[in-house]
Amino acid sequence: MTQFSRRPVLGLLAGLALAPRAALAQTPLRIEINEGVIEPVPYAIPDFVAENGAGGQYAAPLAQVIANDLTGTGLLRDIPASAHVGRVSSFDSPVQFADWRAINARALITGAVRVNGRQMTVKFRLFDVVSGQQLGDGLQLDGSTDTWRRMAHRVADQVYMRLTGESGYFDSRVVFIAESGPRDNRRKQVAIMDQDGDGTQFLTDGTALAFAPRFSPSGDRILFTSYETGFPRIYLMDVASRRRQVIGDQPGTMTFAPRFSPDGGSVVYSLSIDGKTDLFLLNLGSGQRWQLTQTDAIDTAPCFSPDGQRVVFESDRSGTSQLYVMGLQGGGATRISQGQGRYSTPVWSPRGDLVAFTKQHNGRFHIGVMRLDGSAERILTASFLDEGPTWSPNGRVIMFTRQEQGADPVLMSVDITGRNLRRVPTPGPASDPSWSPLLP
């Protein structure tokens, strides 16, 4: 994929740093994210200025993708162009802030696009309309016209970061299971798309049942489980080339539920043999394998901590499915789930402070989060079937599978405060998402 170059746009306000926390410390506009009710901050984003004829076809689409990203967070509200009083005809013209205050915009995003052949240059600026200040330096992105949507996502990431102080998550992808066909004979393919549902591609042909795809920390490889041989086996695939190989295979066993270590060099997974299911760690470079658990229980769905020193997993060793944490250097496992019901599919937050999980209680399924000691459990969703959470790269949003009774599965997302429950667009029925890191 085309690599973008980033450089500040000349002629901007002196003394404002590109780093969002430094810039925002000097300005009154800042979106504070907490557990209370948030009234979305109104903002305006006119179509980008086309600086030559070839840039005209991208001027409106760039602004629309950025607006979709930002409005989709539930933290901001796009003021439609029909309500705009002001007009932006030149990227370098002074902003007439009174025009934007008149429509109650708190923030203004302006941009420009130039296209020469297959090369594109995109520029943007962000303003606090109330104070009349620019927030941070302007930014310029250079790349191929084929990557215009990625440029838009990167602009949205920068705007989000400057307004909230958190890193963005828009320039990322999701790998998932695309489902088709009758329910008694489902075709399940590993697919990949942008986080906003655009650009779906199929990574497997659907001839064999596949499930549980998981991204590597670098986003260039995935793990998934397939019944291609008649038994579950873990496959490692290079996303760009589609080359794949079986890993962790051992005659007479079933392997499943894999996840990468934070450095991408190892995989933790479940191996079932002679009626016992335990956790194993595999070094991808040397092929060396270590057994992490050895009980009569079913230990599965492991996930590394961000520092790579511990794993959280589900086990029925207490009689019902619960969540446990253990170190990789030995020692016992500590149960962290303490509420009523059954807990499964734990996933460690990229921030390291929370674990997301699936919970089954009183005939309903939920997505929730808890601290590492099991305290402060917060239930975010409830339905006939909610399962399989995955974190956005910044640890702010959780995506998961929802299936209502008698309906096909779909992908949903929710903020970790429980707000902004949204349907994630997919070409058809979909399940088992895994969110990539921000793309390089």
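Derivation of every value follows stated rules applied to the coordinates shown; laboratory data play no part. All values reported here derive from a predicted model rather than from experimental measurement. No Cβ is skipped: glycine too gets one built from the backbone with ideal geometry, and neighbour counts run over all protein chains shown.
Overview of results
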quantity	calculated
Where N is the number of residues in region 106-152, Cα Rg divided by 2.2 N^0.38 Å	1.33
Relative contact order, percent, region 260-337 [alpha-carbon distance under 8 Å, six or more residues apart]	21
Residue-span extension gain [ARG422 to ARG187] - 0.36 nm each, minus C-alpha spacing	82.1 nm
Protection proxy ranking of 170-176, 297-303, 270-276 - average other beta-carbon atoms within 10 Å, highest first	170-176, 297-303, 270-276
Distance cut-off 44 Å, percentage of C-alpha pairs in the chain lying past it	17
Helix axis angle, 148-164 relative to the chain longest principal axis, alpha carbon, degrees	90
Within the chain, helix-based [θ] at 222 nm, where runs of 4 or more DSSP H residues each add -39,500 (n - 2.57), nearest 500	-3000 deg cm²/dmol
Rounded to 10°, Cα long-axis angle of helix 56-71 versus longest principal axis of the chain	60
Enclosed volume per residue, in Å³, of the convex hull spanned by Cα atoms of region 138-296	172
³J(HN,Hα), Karplus 6.51/-1.76/1.60, whole Hz, each residue of region 201-213, x for Gly, Pro	10, 9, 9, 10, 8, x, 6, 10, 4, 10, 7, 6, x
Mean Cα-pair separation over length for the chain, i.e. relative contact order, pairs under 8 Å, 6 or more apart, %	11
³J(HN,Hα) computed for each position of region 294-303 - Karplus, 6.51 cos²θ - 1.76 cosθ + 1.60, integer Hz, glycine/proline x	8, 9, 8, 8, 9, 9, 8, 6, x, 8
Additional length obtainable on full extension of the chain from ALA102 to THR320, 0.36 nm per residue less Cα span	72.6 nm
Options SER337, PRO94, LEU135, ranked by Cα towards positive dipole end of the chain, top entry (Cβ charges)	PRO94
Calculated FRET value between VAL246 and VAL95, using beta carbons and R₀ = 60 Å, to 0.05	0.55
Order by protection proxy (mean Cβ within 10 Å, highest first), peptides 83-89, 153-159	153-159, 83-89
Ranked by how many other beta carbons lie within 10 Å on average, peptides 60-72, 219-231 from highest	60-72, 219-231
Separation between Cα centres of region 371-440 and region 105-158, rounded to whole Å	29
Gain in span if fully extended, ASP263 to GLN57, counting 0.36 nm per residue against the direct Cα distance	70.1 nm
